[in-house]
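K.L.:
Before anything else, here's the structure in question.
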Amino acid sequence: MIPDMRFSLALVVTVVLLASACAEHVPEQDLRILAVATPFAKLSADDLWKDFQRDPSAARRQYFGQAIDVSAEITSFEANLAKMPHIFFGQSGTPGVRARLLDDRAAETVKEIKVGDRITLRCFCEGLDEKQDVVLKSCIRP
């Protein structure tokens, strides 16, 4: 093979591998959240949920995989570390924003919280699930 052709072939293979590495889902537990100094956005859980209700595709394009700070009053939470610990910010009835906690920080995050408390979490945004909840992952207190 000619050297230029080998370089071109290597470049094509690299591009194909990188394109296939693009994920459709955010990892459940992503420690990179601990290194995020500045989030992509800071907003209320209500505003985030409304963005996904208004235009789910546009909201997913905007927020998917981004670290965001979300603030709201706690509607409910699951503190059992054997299950998937999360904090839920209800919006209108059942749907809302479900913030799945980073395992390494879950006990610390739910320590001394109660329903009705206002909290801010830094999370990676996944998008809507089948229940129409906005799912956030690897959530920590910033």
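The values are calculated or read from the model by the stated rules, or taken from the named source; none is laboratory data. Every value quoted in this text rests on a predicted model; they were computed, and no experiment measured them. Quick reminder, even Gly has a Cβ in these numbers, built from the backbone with ideal geometry, and neighbours come from all protein chains shown.
K.L.:
Could you tell me whether any residue of segment 72-86 is closer than 27 Å to LYS114 by Cα, touching a Ser or Thr at 6+ places or on another chain (Cβ under 6 Å), modelled with pLDDT of 80 or more and of a type in the set (Gly, Ala, Ser)?
P.N.:
At the first step, the residues of segment 72-86 found to be closer than 27 Å to LYS114 by Cα are 72-86.
Those left that are additionally touching a Ser or Thr at 6+ places or on another chain (Cβ under 6 Å): 72.
Checking which are modelled with pLDDT of 80 or more leaves us with 72.
From the residues that got through so far, the ones that are of a type in the set (Gly, Ala, Ser) too are 72.
Checked segment 72-86: at least one residue is closer than 27 Å to LYS114 by Cα, touching a Ser or Thr at 6+ places or on another chain (Cβ under 6 Å), modelled with pLDDT of 80 or more and of a type in the set (Gly, Ala, Ser).
K.L.:
Which one is surrounded by the fewest Cβ atoms within 10 Å (Cβ to Cβ) among residues in segment 39-65 that are of a type in the set (A, V, I, L, M) and under 11 Å from VAL97 (Cβ atoms)?
P.N.:
From segment 39-65, those of a type in the set (A, V, I, L, M) are 41, 43, 45, 48, 58-59; that's our starting set.
Imposing the further condition that a residue be under 11 Å from VAL97 (Cβ atoms) reduces the set to 43, 45, 48.
Values: LEU43: 17, ALA45: 27, LEU48: 24.
Only one residue fits best here, namely LEU43.
K.L.:
Test LEU48 against the stated conditions and say whether it is aliphatic (A, V, I, L, M), closer than 14 Å to ASP133 by Cα and touching a strand residue (DSSP E or B) at 6+ places or on another chain (Cβ under 9 Å). Steps first, please.
P.N.:
Details: aliphatic (A, V, I, L, M): yes; closer than 14 Å to ASP133 by Cα: yes; touching a strand residue (DSSP E or B) at 6+ places or on another chain (Cβ under 9 Å): yes.
Yes; evaluated as a whole, the condition is true for this residue.
K.L.:
Mind checking which residues of segment 23-51 are within 21 Å of GLN91 (Cβ to Cβ) and either in a helix (DSSP H, G or I) or touching a His at 6+ places or on another chain (Cβ under 7 Å) (or both)?
P.N.:
If the condition is that a residue be within 21 Å of GLN91 (Cβ to Cβ) and either in a helix (DSSP H, G or I) or touching a His at 6+ places or on another chain (Cβ under 7 Å) (or both), then ALA45, ASP46, ASP47, LEU48, TRP49, LYS50, ASP51 are the ones that fit.
Residues checked against (1) surrounded by 20 or more Cβ atoms within 10 Å (Cβ to Cβ); (2) in contact with a His (Cβ under 9 Å, 6 or more places away or on another chain):
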site	(1), (2)
VAL70	yes, no
GLU73	no, no
ARG98	yes, yes
ALA107	no, no
